[in-house]
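Structure provided below as structure tokens; questions to follow.
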Amino acid sequence: QVQLVESGGGLVQAGGSLRLSCAASERTFSNYAMGWFRQAPGKEREFVAAINWSGSNTYYTDSRQGRFTISRDNAKNTVYLQMNSLKPEDTAVYYCAARWSDYSGNYYEYDYWGQGTQVTVSS
């Protein structure tokens, strides 16, 4: 059982930056691909970014690539999401997820989820 704890969310003005962190309890963290998803009120959960077990490959939706960067530090059992040039439409609860396989953009393919962290971008 992998426990994931997100942190780093908060309130930021449009154009600002935040870095989200997701700490994993599992010492075999490096065996998991990791993903970030988000869910805004009244909307479905959507994919943001993913990274393979080693950090050598990353995957983004087109709209986030260039503004968001996913990375990981396996020595710290932590995955990060750096978010720059934030927009009000980025407001959502952000979740990290772990998958015992290669990375994926499909939320239903992930095995473990964190509780989420709120990101609010004001205009």
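The values are calculated or read from the model by the stated rules, or taken from the named source; none is laboratory data. What you see is a predicted model; the values in this text were computed from it and never measured. With ideal geometry, Cβ positions are generated from the backbone for all residues, glycine too; neighbour counts draw on all protein chains shown. What goes into the accessible areas is simple: the full protein's heavy atoms, side chains included, and nothing from ligands, DNA or RNA. Shrake-Rupley method; radii C 1.70, N 1.55, O 1.52, S 1.80 Å.
Where only protein heavy atoms count, and the probe is 1.4 Å, what is the accessible area per residue for the range 1-82 in Å²?
Here the per-residue accessible area is 52 Å².
Using the basic label-point model (7 angstrom from Cα toward the beta carbon), what is the Asp62 to Asn84 distance in nanometres?
So the label points at Asp62 and Asn84 sit 2.2 nm apart.
Show me, for the range 35-48, the HN-Hα J-couplings you get by feeding each phi into the Karplus relation (A = 6.51, B = -1.76, C = 1.60, θ = phi - 60°), rounded to Hz, glycine and proline as x.
Listing the rounded values in order: x, 10, 10, 9, 9, 8, x, x, 10, 6, 5, 10, 6, 10 Hz.
Further, regarding this structure: Using Cα pairs closer than 8 Å and at least 6 residues apart in sequence, work out the relative contact order for the range 28-123, in percent.
32
Along the charge dipole of the chain, which of Gly10, Thr69, Met34 sits closest to the positive end, that is, farthest toward it, with unit charges on the beta carbon of Lys, Arg, Asp and Glu (+1, +1, -1, -1)?
Farthest along the dipole direction, towards plus: Gly10.
For the chain, just the Cα atoms, rotate onto the principal axes and tell me the three extents in Å, largest first.
The principal-axis extents, from largest down, are 41, 27, 25 Å.
Quick check for you: which residues of the range 102-116 have the amide N under 17 Å from the point 7 Å beyond the Cα of Asn31 toward its beta carbon?
Those under the cut-off are 102-103, 110-113.
At 1.4 Å probe size, what's the solvent-accessible area of Lys76? Round to the nearest 10 Å².
We get 130 Å² for Lys76.
Further question on the same structure: Can you tell me how the range 39-82 classifies by the Cα gyration tensor, rounded, prolate or oblate, using a/c under 1.5 as the rounded cut?
prolate
Right, something else. Please work out the FRET efficiency for the pair Asp111 and Gln13, using the Cβ-Cβ distance as r and a Förster radius of 41 Å; give the result to the nearest 0.05. Working shown, then result.
Working: r = 36 Å, r/R0 = 0.87.
Efficiency for this residue pair is about 0.70.
Over the chain, what percent of the accessible surface lies on carbon and sulfur atoms, probe 1.4 Å?
43
Same structure, new question: In the range 40-123, which chymotrypsin sites (Phe, Trp or Tyr not before Pro) fall in coil by DSSP and have 10 or fewer other Cβ atoms within 10 Å?
Loop-located and lightly packed - none at all.
For the range 63-105, with equal point scatterers placed on the C-alpha atoms only and solvent neglected, what are the log10 I(q)/I(0) values from the Debye formula at q = 0.22 1/Å, to two decimals?
-0.95
So which trypsin sites (Lys or Arg not before Pro) in the range 1-73 end up in coil per DSSP with only 14 or fewer other C-beta atoms within 10 Å? Walk me through the numbers before you get to the answer.
Numbers: sites: Arg19, Arg27, Arg38, Lys43, Arg45, Arg64, Arg67, Arg72; in loops: Arg27, Lys43, Arg45, Arg64, Arg67.
Passing sites in the range 1-73 are Arg27, Lys43.
Just to confirm a number: summing +1 for Lys and Arg and -1 for Asp and Glu over residues other than Asp111 whose beta-carbon lies under 12 angstrom from that of Asp111, what do you get?
Details: positive: Arg99; negative: Glu26, Glu109.
Counting the neighbours of Asp111, the net charge comes to -1.
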